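Everything on this sheet refers to the single structure shown next.
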Amino acid sequence: MRRLRRTPALRDLVAETRVWPSDLVYPLFIDDGSAARVPVPSMPGVERLSIEAAVEETVAARDEGIRAVLLFGIPRTKDARGSRADHPDGVIQRAIPALREAAPGVVVITDVCLCEYTDHGHCGIVEEGEVLNDASLDRLVSQAVSHARAGADVVAPSDMMDGRVGAIRSGLDEAGHEATAILSYAAKYASAFYGPFRDAADSAPAFGDRRSYQMDGRNTDEAVREVALDVREGADMVMVKPALPSLDVIRRVKETFELPTAAYQVSGEYAMLEAAAERGWLDGDAAHLEAIHAIRRAGADLIVTYAARRVARLLASR
Ligand code: PBG
């Protein structure tokens, strides 16, 4: 077995798994009305960005070979129904045209969810302590349509309400946005690894948790059912999240549906590697590359990662 492991060129020649910068999706937190760049303490190297800084970051990422960004909005005000989520003057609605102009050809994907926009931090409409399913759909459809109107190529619902993909597909079509694609966060587990994201987006639930809508980490048949429903409702691409804790699910979803399959290496996965590297307990570059290749090897076609720029640079320098 060792004959083909002797030199870097031999190893590259027979490598089964390749990652290109164009497989990576770079998430950006765009903050309405704050300073240009505010570091997120639990995610070293990640910042909340003004629209102008997000434009700079997208151009820099594009110059490193990254061809897609995923936008999260942090609104200037939050309320019970997430009014800023579908506001024509919302931060995402203003950011999209600015990004498109500065970095034409980069795929603009937007996260569709209410938790960044609601004062209670849940992903839908809350009544008497319950997150309502059907009452949340109208708000999500309206948010998705407003992103499409602003020029998003792809909308990515991450709320995990039932029926939202079908509702969003109909809403987009009725509004004349039949070319806007849907990347559904189809198998999204309730995970402890989203903690740093909630710091970044100020979106931790004010009461309770997300286990009444996000999936139970003990299940994989349920993931297949979730994905099947989203595919039937019109999802063009499906996502599994988090990534490293769900490699088996990524593989099963890819093999079952043969659809473009995304994996989201989430905030906590990123933070773990960064924290250990900061202490000198891991080689950060090597650990990031290993994680991304493992996610790819499991079957992911596209990978959402906060380390996108770093990984792209590492891939180019090898
Ligand atoms: C919004 C959303 C979350 C993430 C992506 N979209 C937060 C959550 O569900 O609590 C997590 C991403 C990450 O941890 O990097 N619902």
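Key figures for this structure:
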{"quantity": "Relative contact order (percent, whole number), region 160-318, Cα cutoff 8 Å, 6+ residue spacing", "calculated": "23 percent"}
{"quantity": "Neighbourhood charge, 15 Å Cβ-Cβ cut-off, centred on Arg149 and excluding it, Lys, Arg +1 and Asp, Glu -1", "calculated": "-4"}
{"quantity": "Within region 197-246, chymotrypsin sites (Phe, Trp or Tyr not before Pro) in DSSP loop having at most 13 other beta-carbon neighbours inside 10 Å", "calculated": "Phe207"}
{"quantity": "Structure-based [θ]222 nm, the chain - -39500 (n - 2.57) summed over DSSP H runs of at least 4, per residue, nearest 500", "calculated": "-12500 deg cm²/dmol"}
{"quantity": "Extension gain from Glu130 to Val59, taking 0.36 nm per residue of separation minus the Cα-Cα distance", "calculated": "21.4 nm"}
{"quantity": "Gain on full stretching of the segment that runs from Arg6 to Ala98 - 0.36 nm per residue minus C-alpha separation", "calculated": "28.2 nm"}
{"quantity": "Loop sites in region 114-218: GluC sites (Glu not before Pro), DSSP, at most 16 other Cβ within 10 Å", "calculated": "Glu128, Glu178"}
{"quantity": "Anchor Lys241: lysines whose Cα lies under 20 Å away (excluding residues fewer than 8 positions away in-chain)", "calculated": "Lys188, Lys254"}
{"quantity": "Contact order normalised by residue count of the chain, Cα under 8 Å, 6+ apart, percent", "calculated": "18 percent"}
{"quantity": "Debye log10 I(q)/I(0) at q = 0.06, 0.08, 0.15 Å⁻¹ for the chain, Cα point scatterers", "calculated": "-0.19, -0.34, -1.26"}
{"quantity": "Cα-based helix-to-principal-axis angle, 91-102 vs the chain, degrees rounded to 10", "calculated": "50 degrees"}
{"quantity": "Mean separation of Cα contacts under 8 Å, 6 or more apart, over the residue count of region 122-247: relative contact order %", "calculated": "27 percent"}
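Bear in mind these aren't lab numbers, they're just calculated from the coordinates by the rules spelled out. Bear in mind that the values here come from a model prediction, so they are computed numbers and not experimental data. Glycine also receives a Cβ, built like all others from the backbone with ideal geometry; neighbour counts cover every protein chain displayed.
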